[in-house]
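Report on one structure; see the data block that follows.
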Amino acid sequence: MKITASNTQLVQPKVSPINNNVAEGVLKLDEKNTPSFSERLSSGLDQVANTQNDAAKLAKNFELGTENDLARVMVGQQVSSLAFQLTLNVRNKALSAYKDIMNMPV
């Protein structure tokens, strides 16, 4: 299958002058409902923490004998590990960007 520019272009709906105000109103409503950067960051960190807690519970339950599915335990630990690695890489990139900005001449 060959992908060309015509296949990847988004189709833009034609907005008439009457519907233009409605479209702008929808955009304004969406902007109000979007979470801020700090809200997204804290929710992401909470999800990583929950993933790690779930993986720890699964491992503990497997050790106690209440969980019999070893594959589920291992997948949970891998998901937890990947989430932590992603968080660590995002932190490193943000720190690197901060250092680059601080070292720029004014």
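The values are calculated or read from the model by the stated rules, or taken from the named source; none is laboratory data. This structure is a prediction, so every number in the text was calculated from the model and none was measured. Cβ atoms come from the backbone with ideal geometry, glycine included; neighbour counts cover every protein chain shown.
Please go through region 92-106 and pick out each residue that is in a helix (DSSP H, G or I) and either among the hydrophobic types (A, V, I, L, M, F, W, C) or modelled with pLDDT under 95 (or both).
Matches in region 92-106: Ala94, Leu95, Ala97, Ile101, Met102.
What are the pairs, 6+ residues apart or on separate chains, where a residue within region 78-106 that is exposed (fewer than 10 other Cβ atoms within 10 Å of the Cβ) has its Cβ under 7 Å from a residue that is at pLDDT 95 or above and of a type in the set (Gly, Ala, Ser)?
none
Collect the residues in region 59-77 that are over 20 Å from Gln47 (Cβ atoms) and surrounded by fewer than 14 Cβ atoms within 10 Å (Cβ to Cβ), keeping them in residue-number order.
Within region 59-77, Lys60, Glu63, Leu64, Gly65, Thr66, Asn68, Asp69, Leu70, Ala71 qualify.
With the requirement that a residue be among the β-branched types (Val, Ile, Thr), part of a helix (DSSP H, G or I) and either at pLDDT below 95 or more than 12 Å from the chain's Cα centre (by Cα) (or both), what does region 30-53 give you?
The one that is among the β-branched types (Val, Ile, Thr), part of a helix (DSSP H, G or I) and either at pLDDT below 95 or more than 12 Å from the chain's Cα centre (by Cα) (or both): Thr51.
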